[in-house]
Every structure is written in structure tokens, then in C-alpha cells.
1. Among the aspartates and glutamates, which fall within straight-line cross-link reach of LYS99, defined as a Cα-Cα distance under 16 Å, with same-chain neighbours fewer than 8 residues apart omitted?
2. What are the ³J(HN,Hα) couplings of the range 146-155, residue after residue, when phi is run through the Karplus curve with 6.51, -1.76, 1.60 and θ = phi - 60°? Round to Hz, x for glycine and proline.
3. Got a sec to turn the phi values of the range 35-43 into Karplus ³J(HN,Hα) couplings, 6.51 cos²θ - 1.76 cosθ + 1.60 with θ = phi - 60°, whole Hz, x for Gly and Pro?
4. Can you tell me which lysines have their Cα less than 21 Å from the Cα of LYS150? Leave out same-chain residues fewer than eight positions away.
5. Distance in nm between label sites at THR18 and LYS121, each 7 Å beyond Cα in the beta-carbon direction?
6. Hey, can you grab everything whose amide H is under 5 Å from the amide H of ARG46? Only 5+ residues off in sequence or another chain; H modelled, so Pro and N-termini drop out.
7. Run lengths n ≥ 4 of DSSP H only: what is the helix-derived mean residue ellipticity at 222 nm for the chain, with -39500 (n - 2.57) per run over all residues, to the nearest 500?
8. Is the range 66-162 best put as rounded, prolate or oblate by its Cα gyration tensor, with a ≥ b ≥ c the root eigenvalues, rounded for a/c under 1.5, and otherwise prolate when a/b is larger than b/c, oblate when not?
Amino acid sequence: MTDIQTAPQTGSTADVATGVAQYLTPVVHELVALAVNGKQAHWHVRGANFIAVHELLDTVVAHAQDWSDTAAERVVALGLPIDGRLATVADKSGAANPKLGFLPYDEAIADVVAQIDLATKRVNDAIEGLAELDPASQDVAIEIRRGLDKDRWFLTSHVAVK
Ligand SMILES: [Fe+2]
């Protein structure tokens, strides 16, 4: 079999990969938690805005899944594994357990927005920490930040008074 280097060689070193994993792994954990708890909210939301919020929450979940995949695969592309196992996510994520059972739409939105804010903190750390270390990985974090901001806007607009 051909002996081929699996990690990208230009501008990439073991130290860069380690640093990228350090910043993007917490992003993966919070996004996986957001996807799981976002589904919980999707299933249990109630109230006047039911259909809009129910459907929007599925979009938020799909985005969180996509972005966790993008962040995880950036680490793997640099040659390191990532720990996205369920028990690890539960242990490492700072997300509070959402309330059990049915929720009025404003409470469901508040829960999910709190988790978006938590993920955004990890993303901000990554944007700051990766600026010098690896701009290509920073770009991943910036893309996620833009998306989280937009999803937060869409959610909070259902409860904003003006
Ligand atoms: Fe559904």
C-alpha cells in the first residue's frame, strides 16, 4: 500500500491540529447537545405559535447537526480523532437539562436560546483562539457563529414585542 500522509501538509503541524481540536471539540459538544435538546423542544412546544415554532425548531436542530459535523470533520481532516460520544457530550456540555414535558412556546424558545448562547460562547472562544493558529479552522467557527446568530434571531422574533 502506498505510504501517504493523511493530514494536510501545508501550514499544518501536530501543534496546529492539537490546538484546533482544543477549540472545536467544545463547539461540537454544545452543538450536539443543542440538536438533542432542540428536538425535545420541537416535540413538546405548545401554544398559539405552535406550528411556526415547531417547524423552526427542526431547522435549528438540522443546522446544529450540520455544524457539529463541519467542526468535527475539520478536526479529523487535520489528523486527530474527536470524542462525540453521547456520554461525553452529556458530561462536557454546560447545557442545563430542559424542563420535562409540554412547554408554552415562549419557554421552549427561552430554553433553546439559552443553549444557542452557550454554543455561541464556545464558538467565540474558537474564533479568538484560532485566529493566529489556523485561519482555515477559524473560518469554520465564523461560519457557525453567523448561523447561530441567525437562528437566534428567528427564534427570539417569536417572543419580541418590537
Ligand atoms: Fe418532527
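1. List returned: GLU107, ASP111.
2. 4, x, 4, 4, 5, 5, 5, 4, 4, 5
3. 5, 5, 6, x, 5, 4, 5, 4, 6
4. LYS39, LYS121, LYS162
5. Here the modelled spin labels are 2.7 nm apart.
6. LEU103, TYR105
7. Rounded to the nearest 500, it is -25500 deg cm²/dmol.
8. Details: a/c = 2.82, a/b = 1.55, b/c = 1.82.
Since a/c reaches 1.5 but b/c is at least a/b, the shape of the range 66-162 is classed as oblate.
Values in this text are rule-based calculations from the coordinates and carry no lab data. Keep in mind the model is a prediction, meaning the values are calculated, not measured. Neighbour counts run over all protein chains shown; Cβ positions are idealised from the backbone, glycine included.
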